[in-house]
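**Q** Here it is, the structure in full.
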């Protein structure tokens, strides 16, 4: 997955979140985004951030902030972009 596709993953996450939660979720996403898009970050740090992002997305799904179909697609994108 190339850099623009990776950036679009975060756009898709933001779009999938219910509107009333977007501001709060965006604060957390910025933290993950800064590590995952940092080409100079250690691979271990990016892997850890990718796993944490997956857990965060799972939590958003559990609390119904994002739907199941969105969660499955986003989880797949995170794995493909940062964990393979």
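**Q** Could you tell me whether residue 52 is surrounded by 14 or more Cβ atoms within 10 Å (Cβ to Cβ) and at negative phi?
**A** yes
**Q** Could I ask something else about it? Output the residues belonging to segment 32-56 that are under 15 Å from residue 9 (Cβ atoms), part of a helix (DSSP H, G or I) and over 10 Å from the mean Cα position of the chain (by Cα).
**A** Listed by number, the residues that qualify are 34, 35, 46.
**Q** Return the residues of segment 61-72 that are within 11 Å of the chain's Cα centre (by Cα) and either exposed (fewer than 14 other Cβ atoms within 10 Å of the Cβ) or more than 15 Å from residue 9 (Cα to Cα) (or both); say none if nothing qualifies.
**A** Scanning segment 61-72 gives no hits.
**Q** Then there is this: Look at residue 21 and say whether it is within 12 Å of the chain's Cα centre (by Cα), surrounded by 13 or more Cβ atoms within 10 Å (Cβ to Cβ) and either modelled with pLDDT under 95 or in a helix (DSSP H, G or I) (or both).
**A** Judged against the criteria, residue 21 is not a match.
**Q** Quick check on residue 75: is it assigned to a helix (DSSP H, G or I) and out of contact with any helix residue (DSSP H, G or I) (no Cβ under 9 Å at 6 or more places or on another chain)?
**A** Considered against the rule, which asks whether it is assigned to a helix (DSSP H, G or I) and out of contact with any helix residue (DSSP H, G or I) (no Cβ under 9 Å at 6 or more places or on another chain), residue 75 comes out as no.
**Q** Something else about it: Return the only residue of 53, 40 being touching a residue at least 24 places away in the same chain (Cβ under 8 Å) and out of contact with any strand residue (DSSP E or B) (no Cβ under 8 Å at 6 or more places or on another chain).
**A** Of 53, 40, the one residue that is touching a residue at least 24 places away in the same chain (Cβ under 8 Å) and out of contact with any strand residue (DSSP E or B) (no Cβ under 8 Å at 6 or more places or on another chain) is 53.
**Q** Additional query: Pairs under 6 Å by beta carbon, first residue touching a residue at least 40 places away in the same chain (Cβ under 8 Å) in segment 26-37, partner surrounded by 14 or more Cβ atoms within 10 Å (Cβ to Cβ) and assigned to a helix (DSSP H, G or I), six or more apart or different chains?
**A** 36/46; 36/49; 36/82
**Q** So, in segment 1-17, how many residues would count as being touching a helix residue (DSSP H, G or I) at 6+ places or on another chain (Cβ under 6 Å) and in contact (Cβ under 8 Å) with a residue 40 or more places away in the chain?
**A** The total comes to 6.
The values are calculated or read from the model by the stated rules, or taken from the named source; none is laboratory data. It should be emphasised that the depicted structure is a prediction, and the values quoted were computed from it without experimental measurement. Virtual Cβ from ideal backbone geometry, glycine too; neighbours counted across all protein chains shown.
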